[in-house]
Each structure stands twice: as structure tokens, then as C-alpha cells.
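One structure is given here, and the rest of the page talks about it.
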Amino acid sequence: MNQVDLIHKKRDGGELTENELAFLISGYVAGDIPDYQISAFLMAVYFQGMTSRETATLTALMRDSGVVLDHSHIPGFKADKHSTGGVGDKVSLILAPLVAAAGVYVPMISGRALAHTGGTLDKLEAIPGFRTNLSLEEIARQLPEVGAVLVGQTADLTPADKKIYALRDATATVNSIPLITASILSKKMAEGIDALVLDVKAGSGAIFNEKEKAWELARMLVNTAAHFGLRTSAIVTAMDQPLGNAIGNWLETKEAIDTLRGTGPKDLLELTLVLSAQMLVLAGKAGSVSEGCAILEEKISSGQAFDKFLELVKWHEGDVSVVQNPDIYPQPKHSLAIKSETDGYVAKVDSREIGIVSMALGAGRSSVEAEIDYTAGICLKRKICDSVKTGDTLAMAYSNHTELLHANATRLQAAFKIEIEKPTTPGLIYGVINSAGEKHWNAEKRDFV
Ligand code: URA
């Protein structure tokens, strides 16, 4: 077999066999096939797509490129949530302890900041001492004791995805539905879970701006997961403005702590509750999303969810004192208020632009090795539909480098669009797709109908 022939076949719209895909993936992981040939293959997939059979085969090959965790000795249901990526999305930090407090095990493998979106691992590592690089033995010890683990992809877990994702990021081949499907599902299936909830985002800060594309991705994810017998629900949600108010690692961790204590922003709390409730439904611990939300609200109001987060931080060797008292955390040296230059209503808060500015302030990496400024970021003071007067603060920007604040101020201001007319209320949750079909969100019933 020859890789050039396989690239040729895919470029011309052919369907690759299991043996052919295995040749490419194992050859790449072993270092026998160079980056430039896999880049060409990825671009061919980007333009030609993959059949359902190819997508499932690629998913299995990527999953089996490393260890597949087996938690079957732990009695109880194991589930996880994965988001396709957004701005201000700190849901995982709240969801893992919340769902664990409700009796479902959450063995969560997360990623780092990528392009304009933040990463759960970086947000957790904003807590001094917090270790996300647990060994397989440590994961096996912690999960039954605490009910959750929050770790990164290691050399043992889906190394094919680790390598291919980095290459996709550098070759403009991220936005391919079969490649996204294989990437997400290979990682999640390697966690050894019984069920999966996917948050598939649509909007300016998401992989796909168009809602229809997000639904298409959701369908492909659910159908491919079904091929492996993994119970999966994909919830399609809005990313037209950042989730919550905080963007940037420590700012987001602090907002997650506030939410676990019952004082977080409404949109962040509601989306977290719905995704978590869907996990309880799949686990058979709630009959409906609305019932699941009620169970989880009690876990927050009773303090059990926050206590579970403290326990998790302790097990990951993080400094619990900053979680108990976030005010003692080091403050960024500089801040800048971004003010409105006109009266009206906020009609748009461009998530992608806000994400890019937050990264430029120091919250992201310009290269894989770059250091993160954990305190850098943005705090939104106004969101879509809020009224503003000239001179009102739209957002606060934070950085340890004053020149970065001034260099990005105009761009941050331009991310807000102010109009005279009040816009329609933005969506938060659109609908769900799973083995029962597609349903739409009904906010009044707090359920999918
Ligand atoms: N998240 C992933 O893990 N992989 C993708 O390809 C896209 C989003």
C-alpha cells in the first residue's frame, strides 16, 4: 500500500477501506508518514467528506491508537459532556462536580485553549498547584473515591487525535464534519463511559456559524456514536455571544466557583443545568430534563456541588484556599474600561472577536510552548438586549501588560454593536437530537418537546 495512492483516491472522492485508513493512521502515529502527506489527506477529506462507514472506521482507529479506559469494576453509571468549543464556556468546571454530586461518575478528558476558544485544562490550572496530568493509576484511584476526574489527553490516550488535531489547527482543516466527529468521539469513547452529552454550538464564536451546519454535525455525531452503541444526546446551543460574563482563565474559574455557589450568571447556570440534567436522564436518574434540573438545583443550593468541587481540587493538589476565597488570588496589574460611545441597546457581542482579544491580552497561547497569563481576560458588563448610555462601561479588560490593553481596546469596542431598537432576546438552547429523534427546546416547560 502507498500513501500517495490513498491521498489520490480520497482527493478524487473515493471511499477508503478499513485497511487503507488503518495504514494512514498507524503510519502517521508511528512517524512513518510525514505531516505533509497527512495534511494533504486531511485537506482531501475536508473537500470530499467521508461516508458514514469511513467516519466510524476513522473514529475506531483513532480511539484504538491508545489505551481505552475500563471503569467497569466501578459499580454505577459513567457519563461525560463535550462541547465543540465556544467563548466563555466554563461549563465543564461546574458540570463535573455537579453531576458527580448527583451520583453519576464523570471521567472527563479535556483540552487546552485553541484558536479563539479557551480550554478547560488551562482554566483548572489557573488554580495554583492543580494537576491535570494524572497517570492512568491516579485516574483509577480517584474516580471511585471522588466521582469525577478532570484530566488532559496523555500520550496513552488517543495519540492519533492529539497529532492530527494539531495538524488540522495548522492546516485550516478543523471545520470538517467527519474529522470533528472522529476527533470528539474517539476521545470520549477512550474514557470508558456509558453515555455522552454533546454541546454542539452554533454562532460567531463556534466552529460553525450557521445553525444548519451545527445540526448536521449533531446528527453525524449521534449516528456515529450509535454505531458503537454509545448512548448519546447532542444538544444544539447558541454561541452568538460569550457564555456568562467572564472570558479568560482565572476570571472563568472564578465565575464557575460563583455558579457552584449559586451566584453565577443566569445563561451559564441554565445551560449547565440542562446539559447536566440530560446526563442524569441518560443515566436513568431523572425522568426528564426539567426533573433533572430540579435535582441539580438542590445540589447547588445545599452546597453539595461546591463541596464536591473543593474535594476535586484537593485530589488534584490544587490550592483550595483560592477556591474558598477567590479574593486572595493575585490581581492583574492593569485594567481598562471599554465604554459605549452612544445610547441604545446592545445588539451584538461578537464572540469570536471577544475570544481573539482575550487571547491577545495574554489569556491564550501564540504557540504551543507560550506561557499563559492566568489573570488576563475580559469581563462583560453588558450583553445582548441590555440598554446603554454614552459613557457606560461595556466591558473591563485585564492584563499584566498595559500596552496589550491599549493595543486591543478599539477591537474590543468594535465587538459590541449598539442599536436604537431593542433586539429580540437571543437564544440559548435550540434543541436536541438522540436515538428518539430531534426535539426543540421549550424554555417554559424547561424541556425538549
Ligand atoms: N473538539 C474536538 O475535540 N475536536 C474537534 O475536531 C473539534 C472540537
Taking helices (runs of 4 or more DSSP H) that do not extend beyond the stretch 21-132, which have at least 1 residues that are at pLDDT 95 or above and under 30 Å from I295 (Cα atoms)? 91-101, 120-125
I'd like the full set of residues that are crowded, with 16+ Cβ neighbours inside 10 Å and either without any contact (Cβ under 8 Å) to a residue 12 or more places away in the chain or not hydroxyl-bearing (S, T, Y) (or both), limited to the stretch 340-354. G344, V346, A347, K348, V349, D350, R352, E353, I354
Can you tell me which of T59, T158 is touching a Leu at 6+ places or on another chain (Cβ under 6 Å) and buried (at least 21 other Cβ atoms within 10 Å of the Cβ)? T59
Determine whether L95 is outside the structural domain of M359 (by TED's automatic domain parsing), closer than 20 Å to L260 by Cα, open to solvent by less than 20 Å² (accessible area, probe 1.4 Å) and touching a Ser or Thr at 6+ places or on another chain (Cβ under 9 Å). yes
If you go through the stretch 426-449, how many residues are assigned to a loop (DSSP other than H, G, I, E, B) and either of a type in the set (G, A, S) or under 24 Å from the mean Cα position of the chain (by Cα) (or both)? 7
Of the conditions (1) in a strand (DSSP E or B); (2) surrounded by 15 or more Cβ atoms within 10 Å (Cβ to Cβ), L404 satisfies every one except a single condition; which number is it? (1)
Is it the case that V68 is touching a Leu at 6+ places or on another chain (Cβ under 7 Å) and not aromatic (F, W, Y)? no
When the stretch 309-347 is examined, which residues are found to be more than 19 Å from S358 (Cα to Cα) and part of a strand (DSSP E or B)? G344, Y345, V346, A347
I'd like the full set of residues that are within 21 Å of V87 (Cα to Cα) and either out of contact with any Ser or Thr (no Cβ under 9 Å at 6 or more places or on another chain) or at pLDDT below 95 (or both), limited to the stretch 380-399. L380, K383, D386, A395
Verdict on N249 being open to solvent by 10 Å² or more (accessible area, probe 1.4 Å) and out of contact with any strand residue (DSSP E or B) (no Cβ under 6 Å at 6 or more places or on another chain): no
Selection within the stretch 169-182 - within 10 Å of the ligand (Cβ to nearest atom) and at pLDDT below 95: D169, T173, V174, N175
Under the condition of being modelled with pLDDT of 95 or more and over 16 Å from the mean Cα position of the chain (by Cα), which residue from the stretch 191-204 is farthest from the ligand (Cβ to nearest atom)? D194
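The values are calculated or read from the model by the stated rules, or taken from the named source; none is laboratory data. Keep in mind that what you see is a predicted model, and the values were worked out from it rather than measured. Neighbour counts are summed over all protein chains in view; Cβ atoms, including those assigned to glycine, are modelled from backbone coordinates with ideal geometry. Just so you know, the surface numbers come from the protein's heavy atoms only, side chains and all, with ligands and any DNA or RNA stripped out. Shrake-Rupley method; radii C 1.70, N 1.55, O 1.52, S 1.80 Å.
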